[in-house]
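Single-structure report; data block below.
The values are calculated or read from the model by the stated rules, or taken from the named source; none is laboratory data. Treat the numbers as computed from the prediction; the structure is a model and nothing was measured. Cβ placement follows ideal geometry from the backbone for every residue including glycine, while neighbour counts extend to all protein chains displayed.
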Amino acid sequence: MALIPDETRQQLKERFQTRLSGPVRLTLYTKPGSSRLVLPSGLGCPTCDDARQIAELIRDSAPDKVTLEIVDISQDGARAEIDEVFEVPTMAIAADTNPGRIRFQGLPTGSEFPALIDAVERVSSGDHGLKPETLIALAKLTEPTEVMVFATPT
């Protein structure tokens, strides 16, 4: 059984036809041995296969706008360190060749899936959706700042 139902796949394809205007680059960081078994050595990723299905769904819903790169952090460890990715799965979203600054760690399903789709659409359009007063407050920051949003079904 597919992780994403056919009806959802079709809805996403139709939605992206009207909402994506510019290119989007997804990078999915995974680890080998992506099975449900997590070994003490750190091998294994119980959700990497599912994350890959979601990333492929997004790419396949708009193949003319969305590209997907899959990075195995055990093979491309130096690349992962440069991109500052240490947990898998991590999905990064970008509009260019820079490492994606919007990142989803873990499996973006449930309440995270709409946020993922919104992020893809915002990156494609270049519209951050922030209010002018928010931009003014952000402009006052003098140190690098990381914003983290946590979501949980409980």
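Candidates are the residues of the range 28-51 that are out of contact with any Asp or Glu (no Cβ under 8 Å at 6 or more places or on another chain) and at pLDDT 85 or above; the one that is surrounded by the most Cβ atoms within 10 Å (Cβ to Cβ) is Ala51.
Anything in the range 75-100 that is among the aliphatic types (A, V, I, L, M), part of a strand (DSSP E or B) and out of contact with any Asp or Glu (no Cβ under 8 Å at 6 or more places or on another chain)? List them, or say none.
Of everything in the range 75-100, those that are among the aliphatic types (A, V, I, L, M), part of a strand (DSSP E or B) and out of contact with any Asp or Glu (no Cβ under 8 Å at 6 or more places or on another chain) turn out to be Met91, Ile93, Ala94.
Quick check on this structure: which one of Ala151, Ala115, Ala119 is modelled with pLDDT under 90, over 25 Å from Asp76 (Cα atoms) and not in a strand (DSSP E or B)?
Values: Ala115 fails: modelled with pLDDT under 90; Ala119 fails: modelled with pLDDT under 90.
Criteria check complete, one pass: Ala151.
Please verify whether the range 13-20 includes one or more residues that are surrounded by 12 or more Cβ atoms within 10 Å (Cβ to Cβ), at pLDDT 90 or above and not in a helix (DSSP H, G or I). Scanning the range 13-20, I find at least one residue that is surrounded by 12 or more Cβ atoms within 10 Å (Cβ to Cβ), at pLDDT 90 or above and not in a helix (DSSP H, G or I), so the answer is yes. Within the range 94-104, the presence of at least one residue that is in contact with a Leu (Cβ under 9 Å, 6 or more places away or on another chain) and of a type in the set (Gly, Ala, Ser) is confirmed.
Look through the range 108-150, keep the residues that are β-branched (Val, Ile, Thr) and closer than 30 Å to Ile4 by Cβ, and return whichever of them is farthest from the chain's Cα centre (by Cα). Only one residue fits best here, namely Val147.
Residue under question is Pro132, and the condition is that it be over 12 Å from Leu28 (Cβ atoms) and exposed (fewer than 10 other Cβ atoms within 10 Å of the Cβ); does it hold? Please lay out each step first, then the result.
Values: over 12 Å from Leu28 (Cβ atoms): yes; exposed (fewer than 10 other Cβ atoms within 10 Å of the Cβ): yes.
Criteria met by Pro132.
You will find that of Arg25, Arg9, the residue that is at pLDDT below 95 and of a type in the set (Lys, Arg) is Arg9 and no other.
Of the residues contained in the range 73-95, none is found to be charged (D, E, K, R), modelled with pLDDT of 80 or more and either within 28 Å of Arg15 (Cα to Cα) or surrounded by 15 or more Cβ atoms within 10 Å (Cβ to Cβ) (or both).
Which of the residues belonging to the range 125-142 are β-branched (Val, Ile, Thr) and under 30 Å from Ala62 (Cβ atoms)?
Thr134
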